[in-house]
Each structure stands twice: as C-alpha cells, then as structure tokens.
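J.: Mind looking over this structure? Questions follow.
FYI, it's all coordinate maths here, none of it is from the lab. Because the structure is a prediction, the values reported are computed rather than measured. FYI the Cβ positions are ideal-geometry reconstructions off the backbone, even for glycines, and counts take in every protein chain you see.
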C-alpha cells in the first residue's frame with residue numbers, strides 16, 4: 001500500500017533532525033521522520049565498555065551495525081579499504097533515535113561570535129576554503145537559547161570573561177567540580193587563567209520532568225539510565241510525536257531523494273524494516289543524516305537535471321569535511337585525583353580562542369571524560385611497554401592518579417578533504433557507500449601544538465610529576481564532530497545552501513545538521529547543530545504558512 | 001533427548017567454541033604474560049582465553065584464521081628455537097620470546113599472512129579487552145580488574161547493573177584460585 005503524502009520528510013532523527021521534526025510538527029506540517037536505527041535504552045547496553053560509543057572493539061552499541069553498514073577509507077597505499085562502523089577509520093557517529101545525542105558527553109557550547117566570520121577576522125588562509133558564515137552569532141543567539149531552554153542546559157559563565165554574549169542565563173545552575181576539577185581550578189587561577197564549569201545538556205536539577213544527574217562513571221559513550229542527559233530522543237522528538245502530526249519510522253534506510261523533471265524534490269525512496277524498497281512523497285525534504293551520510297544521500301540522488309547528485313551542479317557537496325583535531329596532554333600524580341564522580345569532564349578554559357595574533361582560531365581546553373579501564377590501557381607515555389608487568393603496574397599506579405586535559409582544535413576547511421560515493425562498493429541494501437579522504441590543513445597541527453603546550457603547563461602547575469603531550473597528525477577520520485560537507489553561504493558558487501539551509505539549486509530540499517557548518521568552532525558542535533535545527537525549522541514553518549513551499 | 005545427551009558425554013564435547021584444548025593451553029600462557037599474576041590474578045585466572053574464544057565465535061569471527069594460523073606458527077617457531085613448547089618454558093624465557101615476537105625478531109618460516117608482531121599485537125589488545133571489559137563477555141572474572149583498580153560497583157547506589165557477580169573475596173591461596 002502506498003504511503004500517504006505528507007508535507008515534509010525529515011531524514012535522520014539526531015540533533016538536527018529531531019529539532020526540525022518538532023518545529024515542523026508543532027508548526028502544523030505533517031511530517032515523517034526517518035531513522036535508519038531504532039530506540040535504545042541504558043538497560044539494553046548497561047555499562048559495558050567494549051560496546052559503548054566511546055571504545056567499541058566489539059561493536060558500536062548505539063549503531064550503526066557492522067552487518068549492513070560499511071565505508072571505504074584510504075588504505076595508505078593509494079588505494080581503498082573496506083571499513084566497518086567499529087573501526088576508527090570509518091568515522092562513526094551513531095545511528096539510533098536521538099543518534100549522537102543519546103550517548104554523547106553532552107557539552108553544550110555556543111561557538112564564539114568570531115567563529116562566524118573567521119575570514120574577516122584572519123583573512124584568507126592559503127590552502128583553505130575558509131569563509132564567513134552567512135549568519136552571524138547574534139542572529140543565531142535566540143536559537144542557541146531556544147535549544148538551551150527546550151532541551152535543558154546547566155551552566156555558569158560567571159568566571160568566564162570570554163563567554164559568548166547571552167541575553168539570558170542558563171536555565172539550570174552549573175555543575176560542581178569533581179576532584180580533578182578542584183585541582184585544576186586552583187592551578188588555572190595561579191596561572192592567571194579563567195576556569196569555569198563546562199555547560200552541559202544534562203540536568204543539574206530536575207528539569208522538564210526529567211531528574212537531575214546521578215554522576216555516572218559511564219556517561220559519555222552510554223545512554224543515561226535516568227534520562228538526566230538531554231538528547232532529542234527524550235525532549236523534542238516526544239513533543240513532535242505528541243502533536244499527532246509526526247510519524248517516526250525507525251529501521252528505515254533512505255536511499256535516494258526523488259527529483260522530478262522540473263528539478264524539484266517530490267519525496268524519497270527508502271528500505272523499510274523488511275528491506276523492501278518503498279516511496280514516501282512529500283512537499284519538501286529535510287536532510288539531517290550527519291555530514292558524511294547527508295552528503296552521501298545527496299550524491300546518490302542522481303537525476304536528469306542533477307547528474308552529479310541533488311543540488312550538486314557546482315560540485316561542492318561532500319567537500320570541506322571537518323572534525324576536530326583533538327589535542328592535549330596527560331599528567332601523572334603522586335596523590336589520588338580520581339573520585340569516581342562522573343562524567344568526569346567538568347572544567348574548561350576559554351582563554352585560548354581568538355586571543356593570539358599568530359594563532360588562527362584555537363579551541364577550548366577541558367579535563368577529559370572518565371577514562372574507563374580498557375581505554376586507559378592505551379594511555380601511556382611514548383616508549384612504554386604495553387603489556388606484562390609494566391602494563392599492570394601502570395594500571396594499578398596511575399588509573400586513579402592521572403588527569404587528561406584536551407581540546408578540539410578548530411580545523412580549517414580544505415576542499416580536497418571530502419566525502420564521495422564509491423563507484424563500485426555498495427552496502428547491504430545496494431546503496432553506494434561513502435568514502436572519506438583528505439588530510440588536515442597545516443594550521444590545525446600548529447594550533448594543536450599550541451594548545452597541547454597550554455594543557456601540559458596547566459597539568460604541571462596542578463602538580464603532575466610527569467606529563468606528556470598527545471598531538472594529532474594530518475590524517476583525520478571525521479566522526480562524532482563531523483561537519484561542513486553542505487556548507488551554507490551567500491555565494492551559490494562556493495556553498496551548497498543559502499543561509500536558511502535551503503539548497504541553492506533545489507528550493508524544496510533543506511539541510512539541518514553539522515553539514516551546514518562553514519567551520520566547526522573550537523568547541524563540541526552539538527548545541528550549534530541543535531540551534532541550526534531551530535533556525536532552519538523555524539524558517540521552513542514561517543514560509544510554509546505564507547507560501548506552502550509551492 | 002536422553003540419547004543425544006549420552007552421545008554428547010561420550011564424545012567429550014569441548015567447552016570451547018572455536019579454539020581447541022591445545023590452543024587454549026598456549027593462549028593461556030600468552031595471556032598470562034600479557035597480564036601477569038602479582039598480588040592480583042593475571043589473564044589466565046581472569047578467563048581471558050575464554051573471552052577470546054567467545055569472541056572468535058561471535059564478534060571476532062573475522063579473526064578466526066589469524067588465531068588458528070598464528071598460534072600454530074608461534075608454537076612451531078618456539079619449538080624450533082627452544083626445543084620445547086612455549087607453555088613449558090620458564091616465565092622469564094617466555095617473556096623474552098614475546099619481546100622478540102613484538103620486535104619482529106622471529107624467523108619467518110612459519111608465518112604466512114600475519115607477521116609475528118601483528119599477531120602479537122592482536123592477541124595483546126584482545127587480552128586487555130578480556131581483562132578489563134565486562135564479565136558478560138566471558139573474561140574479567142568476578143570483575144577482578146575493577147577490584148584491582150579500586151573501582152566500586154555497583155557504580156551507583158541502588159543501581160546494581162553489573163551482571164555475573166559472585167561476591168567471593170579473591171584469595172590467591174585458595175585451591176580454587178590456584179595458578
């Protein structure tokens with residue numbers, strides 16, 4: 001039986017798609033929200049480190065599965081190799097209702113005002129497609145606030161002189177520091193820096209019917225057992241469903257956007273839970289499947305007017321994929337610094353963003369989420385023996401006596417760092433798979449060294465008896481912070497969508513995920529993706545009332 | 001039902017899923033090197049070989065041949081070099097052999113698709129997973145690694161979500177926990 005025509009199809013029930021579905025459904029549009037994964041709960045996965053979304057040697061607990069999903073990645077010898085979701089070179093995020101927002105660490109950063117006009121601030125950067133965003137921080141500010149209030153953010157910027165300007169306070173008070181945080185706070189103050197609690201999409205007090213955080217050790221990489229962590233699956237998606245306007249179709253893999261002969265989208269094709277190919281027609285399509293999968297879907301949607309993929313006549317879809325060049329340092333201590341108060345990450349410094357003339361961008365520095373026992377087996381100074389007595393002694397001595405400080409370096413967009421579809425390899429459903437390649441810009445490595453130095457100094461001041469840096473190289477596998485493949489811009493020649501996430505070339509297809517980011521900030525991107533969801537969704541709803549997108 | 005039960009008993013169905021008794025014996029000696037016993041038990045007591053065998057029948061099916069061929073090549077190499085099986089050698093001698101394997105200082109006669117160093121690193125990583133991962137996967141007997149690290153569990157009061165717990169205190173001298 002054919003599916004009933006709806007106003008909007010939203011593809012991907014993660015951060016962006018969850019918010020857009022809610023905005024559209026509450027705005028009166030009929031919506032089908034497609035998700036290739038399904039619902040997950042804490043009880044299904046427990047606190048099993050080996051199948052978490054953080055360390056996943058056995059599988060990625062929160063999707064996608066290895067049986068039906070794979071990609072191609074450079075094999076280091078000018079060829080390609082097949083990689084699976086639980087291998088680092090796949091670059092996985094997640095695939096379930098809520099997607100990354102189920103198992104993320106839930107840092108709730110706003111980008112800095114400067115992040116929206118980097119090119120104006122720093123000038124053109126050779127080897128980079130760096131540009132200004134077509135939307136300013138101040139235009140986006142109300143949408144950041146909406147995300148903070150509807151999902152729930154706990155934060156306290158009192159001691160942060162570099163906090164992005166905000167009209168209203170956070171809806172919940174900030175979190176207290178754990179013992180690492182207390183040690184690091186004192187050290188930062190002695191260095192003349194400005195430590196403050198990391199804003200979190202996590203309840204510090206009961207909020208919107210969900211309880212306060214119980215400080216689990218297993219937070220990042222896991223679902224929350226009490227629902228204190230806000231994801232779209234326990235906030236906006238239930239609101240969307242409650243309107244009666246939105247149907248959530250899980251275990252449904254969208255394979256193609258159908259483009260008619262006039263060059264407009266008329267719906268999508270998807271594989272239903274029984275792997276049967278079906279169609280869903282709609283007045284408009286919103287793609288929010290993550291920077292890699294959004295690009296893959298558009299590139300796979302070939303038609304007469306768009307032989308290179310939907311909206312890709314300028315060849316920019318899939319280009320400029322970014323992530324974060326995570327950098328930092330480890331410190332070993334004589335005394336115990338571990339108090340088992342989760343999620344671990346709690347203290348931040350905004351001192352190293354946009355404040356140094358010879359450093360383009362920068363990034364926030366935070367203490368790291370709790371390193372679980374297996375994860376800790378790989379944390380060693382270089383040259384250490386990774387097994388035997390040395391291994392076991394180090395585990396016993398330092399598991400509770402080490403601190404990790406790191407931060408996401410804002411990457412420069414590079415045109416040849418890209419997502420393509422493989423010409424030969426197909427997934428379980430027969431859909432051409434994504435392949436991701438390209439190297440980081442030299443500037444990313446320069447900034448990574450700069451930030452790692454700051455992290456190491458901070459740890460030394462905190463009393464670490466031994467420290468070492470962990471600086472990334474140019475090889476990158478954009479995963480949970482992937483962004484930039486369908487960037488917004490005013491110039492249709494050098495961007496994919498306009499300032500409202502609407503494809504320049506097809507006016508009834510919108511993007512609402514990290515793909516839109518012109519650059520990815522020196523921060524975890526979830527709150528910006530949520531804010532853009534409200535921005536794009538709000539724009540669609542307003543226009544719908546006036547024009548019905550006809 | 002009864003007939004098949006009797007047949008099963010007679011045929012001595014292995015308790016292992018993919019590896020055989022001899023392979024387990026060798027693997028036990030290797031995992032005990034990777035996580036040796038000190039004041040806390042090592043990889044063998046913690047059922048790390050059981051973890052690996054279980055994964056070879058589930059998540060790590062793709063590594064089945066690597067184990068079969070790697071363990072065989074390792075055994076032959078050791079016999080060629082020392083005239084004895086690996087598990088019969090003194091502990092310190094075993095350690096130095098594994099150091100040679102890690103440093104690719106093995107002769108290549110018996111090694112086809114996998115280099116000795118790659119094989120060692122795979123076993124090393126899987127052993128650490130077995131020792132530190134959830135007991136539900138077949139290793140980390142009685143959450144021994146968590147106790148070693150001083151990690152309390154259940155990890156939230158009133159939220160006992162750990163499985164497969166027997167709360168016997170580990171006593172290295174008890175016959176049950178013998179080496």
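J.: So for each of A:395-403, A:504-512 I average, over its residues, the number of other beta carbons within 10 Å; can you give me the resulting order with the highest mean first?
T.: On the way: A:395-403: 19.6, A:504-512: 24.1.
With the highest mean Cβ count within 10 Å placed first, the list reads A:504-512, A:395-403.
J.: Right, something else. Please average, across the residues of B:31-40, the number of beta carbons from any other chain that are within 10 Å of each residue's own beta carbon, and give a whole number.
T.: The per-residue average across the peptide is 3.
J.: Give me the number: length gained by fully extending residue A:272 to residue A:166, i.e. 0.36 nm times residue separation minus the C-alpha to C-alpha distance, one decimal in nm.
T.: Here the segment from residue A:272 to residue A:166 would lengthen by 33.8 nm.
J.: Could you grab the Rg to Rh ratio for segment A:71-134? Cα atoms only, Kirkwood for Rh.
T.: 1.13
J.: How much length, in nm to one decimal, is gained on full extension between residue A:466 and residue A:261, taken as 0.36 nm per residue of separation minus their Cα-Cα distance?
T.: 67.2 nm
J.: I want to check the label-to-label distance for residue A:186 and residue B:65. Put each point 7 Å from Cα in the C-beta direction and report it in nm to one decimal.
T.: 5.9 nm
J.: Continuing with this model, one more query. Out of every Cα-Cα pair in segment A:330-452, what percent are more than 17 Å apart? Numbers along the way, then the final one.
T.: Details: 5272 of 7503 pairs.
Result for the distance tail: 70 percent.
J.: Let me ask another. Multiply the residue gap between residue A:393 and residue A:44 by 0.36 nm, knock off their C-alpha separation, and tell me the result in nm, one decimal place.
T.: Fully extending the segment from residue A:393 to residue A:44 adds 122.3 nm.
J.: Contact order normalised by length for segment A:205-272, with contacts defined as Cα pairs under 8 Å and 6 or more residues apart; what percent is it?
T.: On the way: 52 pairs, mean separation 12.5, N = 68.
Dividing the mean separation by the residue count of segment A:205-272 yields 18 percent.
J.: State the percent of C-alpha pairs, over all pairs in segment B:23-62, separated by a distance greater than 13 angstrom.
T.: Looking at segment B:23-62, the distances longer than 13 Å represent 49 percent of pairs.
J.: Can you give the average number of partner chain beta-carbon atoms within 10 Å of each beta-carbon in peptide B:132-140, as a whole number?
T.: Details: counts 10, 10, 8, 1, 4, 6, 0, 1, 3.
Mean shielding count: 5.
J.: OK, next. Taking every alpha carbon pair in segment A:8-48, what does the distance histogram look like in 5 angstrom bins from 0, in percent?
T.: All Cα pairs considered, the percentages come to 6, 22, 25, 16, 12, 10, 6, 3, 0.
J.: If you look at just the Cα atoms of segment A:175-321, how large are its Rg and its Dmax in Å?
T.: When restricted to Cα atoms, segment A:175-321 yields Rg and Dmax of 22.3, 66 Å.
J.: Alpha carbon centre of segment B:34-91 versus segment A:304-347: separation in Å?
T.: Between the Cα centres of segment B:34-91 and segment A:304-347 lies a distance of 36 Å.
J.: Something else about it: Calculate, axis by axis, the spread of Cα positions in segment A:185-233 along the three principal axes, and write the results as whole Å, longest axis first.
T.: Taking max minus min along each principal axis of the Cα atoms, segment A:185-233 gives 40, 22, 18 Å.
J.: Could you order the peptides A:110-116, B:46-52 from most to least packed, using the average number of other C-beta atoms within 10 Å per residue?
T.: B:46-52, A:110-116
J.: So, one more: With each run of n ≥ 4 DSSP H residues scored as -39500 (n - 2.57), what mean residue ellipticity at 222 nm is computed for chain A after dividing by its residue count and rounding to the nearest 500 deg cm²/dmol? Don't jump to the answer; show the numbers that get you there.
T.: Details: 12 runs with 122 residues, N = 550.
Estimated from H runs of four or more residues: -6500 deg cm²/dmol.
J.: What average number of partner chain Cβ atoms lie no more than 10 Å from the Cβ of the residues making up B:55-61?
T.: The mean count of partner-chain Cβ atoms within 10 Å per residue comes to 2.
J.: Follow-up question, since we're still on this one. So what does the Cα-only Debye profile of segment A:304-353 read at q = 0.13, 0.17, 0.23 Å⁻¹, as log10 I(q)/I(0), no solvent term?
T.: -0.64, -0.79, -1.07
J.: If you take the Cα atoms of segment A:469-550, find Rg, then find the Kirkwood Rh from the mean of 1/r over all pairs, what is Rg/Rh?
T.: Here Rg/Rh amounts to 1.07.
J.: As an exercise, take the mean of 1/r over every pair of distinct alpha carbons in segment A:255-404, invert it, and state the Kirkwood radius in angstroms.
T.: Details: mean 1/r = 0.0487 Å⁻¹.
It works out to 20.5 Å.
J.: Okay, next question. Three principal axis extents, largest first, for the C-alpha atoms of segment A:357-413, in Å?
T.: Here the spans come out as 47, 22, 19 Å, largest first.
J.: Would you mind giving the three semi-axes, in whole Å and largest first, of the ellipsoid equivalent to segment A:106-242 according to its Cα gyration tensor? Numbers along the way, then the final one.
T.: Numbers: eigenvalues 160, 104, 40 Å².
So the three semi-axes of segment A:106-242 are 28, 23, 14 Å.
J.: Compute the distance from the alpha-carbon center of segment A:140-198 to that of segment A:411-445, in whole Å.
T.: Segment A:140-198 and segment A:411-445 have Cα centres separated by 35 Å.
J.: Calculate the length of the line joining the C-alpha centroid of segment A:54-124 to that of segment A:240-277, in whole Å.
T.: Taking the Cα centre of segment A:240-277 as reference, the centre of segment A:54-124 is 23 Å away.
J.: Related question: Evaluate Rg over Rh across segment A:24-130, taking Cα atoms for both radii and Kirkwood's formula for Rh.
T.: Rounded to two decimals, Rg over Rh is 1.09.
J.: Once you put a point 7 Å from the Cα of residue A:251 and another 7 Å from the Cα of residue A:543, both along the Cβ direction, what distance in nm separates them?
T.: Taking the simple label geometry, residue A:251 and residue A:543 are separated by 3.6 nm.
J.: Once all Cα-Cα distances of segment A:6-547 are split into 20 Å bins that start at 0, what whole-number percent is in each one?
T.: Pair shares across the bins are 23, 59, 17, 0.
J.: Would you mind putting A:426-439, A:371-384, A:23-36 in packing order, based on average other-beta-carbon counts within 10 Å, highest first?
T.: Going from most to least packed, we get A:23-36, A:426-439, A:371-384.
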